[in-house]
Each structure stands twice: as C-alpha cells, then as structure tokens.
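**Student:** One structure, pasted below without further comment.
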Amino acid sequence: MQVVEAFGQLCLITVFAWSSGQKAHGFRVFRAHVSATVPRLGRLSSGTLATAVLLMELGVAASLAVRPLERAGLAAALLLLAAFTVYLLNLARTRPDASCGCAGASGTSVSGVHLLRNTLLLALTAGTWWATVSTSGPRLSHYALTAAPAAVVGVTLLHLAELVSLLRTTHVK
C-alpha cells in the first residue's frame, strides 16, 4: 500500500503543480477563458476566480507533499476534481467548441476525453486516500521508486485530450 500511496501522491502533485504552472504562465489567456466560460460571476471577477483556481491547485500540490496534510490535500483534490468535472459537463453541454482550460490555454475543445481524464483522476485520488488509511506512510524508497512513472502518468493524464487528438491522424493516399 505504501507504493500505491507514494505513486498517487506524486502523480497528483504533478497534475496540480503542472496545471497551475501552465495557468500561471499564460495567466491572461486563462483569465479570458474563465471570463468567457463562466457566466454570471457577479461580484467575483474573472481575475479573482482564475487566481483562486491557480492558488487552490498549488495548495493541493503543496499539502500532498507534507506528511501530516496529505489527507487534507486528497480531500481538496477530490473536491476540486469533482467541481471541475461538473464544470466540464456543463461546458460540453453549452459550449462544446470551447477549450477546457485544464492547463491554461489549450486549443483542444472539451470532449469526453476530458471527462474520462477527470474520472481517472478521481479514481486515482480515491485509491490514494484508501492507501493512506491502511499505512503509516511511504518511505523515501517508495517515493524514489515511483517518482518518474508518477510524473509521466500525471502529465499524460493532464494532456490526454491533446494526445488523443494528436494520435487521430488522417491517412494520406
């Protein structure tokens, strides 16, 4: 179970840190995306919401990296992923041509692949939570063993829609 916990933590840290880094790098584009896809913000401006999302993602990544806070990080990850999945469902229904904004600016329109990705991330988060209950925590060797695979899986999941789009090629005759 300790290897499962280490892998899950590192994978989720990668997903949330990479996502927030991409959003920070293209913050103006992300803020414009929020403004265009989240109607009726009321008093909350698109800049405030975009900043809050970015900070929440960083907070999840940071709390998953600190031993006494990993369960709070997993709970926050579950809440953020669930909220984002609802947002994606609404976006797919109302504006299927829009980007999901998952990693800041993306040209890939929201699709079932995004929902699949979020479902996989929710399952990974739940599995990691389950692993934390039955162990006293991973050792450094567990993190060392799983660091590279977890990072690759995290980035792959985050960019799953782009990878699927890339693999859908038209054959030239």
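**Student:** For the stretch 80-88, does any single residue satisfy the condition of being open to solvent by 60 Å² or more (accessible area, probe 1.4 Å), on the phi < 0 side of the Ramachandran plot and among the hydroxyl-bearing types (Ser, Thr, Tyr)?
**Tutor:** No, there is no match, as no residue in the stretch 80-88 is open to solvent by 60 Å² or more (accessible area, probe 1.4 Å), on the phi < 0 side of the Ramachandran plot and among the hydroxyl-bearing types (Ser, Thr, Tyr).
**Student:** Tell me which residues, restricted to the stretch 60-71, are surrounded by fewer than 19 Cβ atoms within 10 Å (Cβ to Cβ) and modelled with pLDDT of 95 or more.
**Tutor:** Going residue by residue through the stretch 60-71, those that are surrounded by fewer than 19 Cβ atoms within 10 Å (Cβ to Cβ) are 62, 65-69, 71.
Matches in the stretch 60-71: Ala62 only.
**Student:** Inside the stretch 57-68, can you point out the residues that are touching a residue at least 24 places away in the same chain (Cβ under 8 Å) and of a type outside the set (D, E, K, R)? Spell out the reasoning first.
**Tutor:** Restricting attention to the stretch 57-68, the residues satisfying the condition of being touching a residue at least 24 places away in the same chain (Cβ under 8 Å) are 57-58, 60-61, 64-65, 67.
If the condition is that a residue be touching a residue at least 24 places away in the same chain (Cβ under 8 Å) and of a type outside the set (D, E, K, R), then Leu58, Val60, Ala61, Leu64, Ala65 are the ones that fit.
**Student:** For the stretch 4-44, which residues satisfy the criterion of being outside any helix (DSSP H, G or I), closer than 20 Å to Ser99 by Cα and at pLDDT below 90?
**Tutor:** Looking only at the stretch 4-44, we keep the residues that are outside any helix (DSSP H, G or I), and these are 26, 38-44.
If we keep only those that are closer than 20 Å to Ser99 by Cα as well, we get 26, 38-41.
Once the filter is applied, which keeps residues that are outside any helix (DSSP H, G or I), closer than 20 Å to Ser99 by Cα and at pLDDT below 90, the stretch 4-44 yields Val38, Pro39, Arg40, Leu41.
**Student:** Can you pull out the residues in the stretch 1-50 that are touching a helix residue (DSSP H, G or I) at 6+ places or on another chain (Cβ under 8 Å) and β-branched (Val, Ile, Thr)?
**Tutor:** Of everything in the stretch 1-50, those that are touching a helix residue (DSSP H, G or I) at 6+ places or on another chain (Cβ under 8 Å) and β-branched (Val, Ile, Thr) turn out to be Val3, Val4, Ile13, Thr14, Val15, Val34, Thr37, Val38.
The values are calculated or read from the model by the stated rules, or taken from the named source; none is laboratory data. Computed from a predicted structure; not experimentally measured. Heads up, the Cβs are rebuilt from the backbone with ideal geometry, glycines too, and the neighbour counts pull from every protein chain shown. Calculation scope for accessible area: heavy atoms of the full protein, side chains included, ligands and nucleic acids excluded. Shrake-Rupley method; radii C 1.70, N 1.55, O 1.52, S 1.80 Å.
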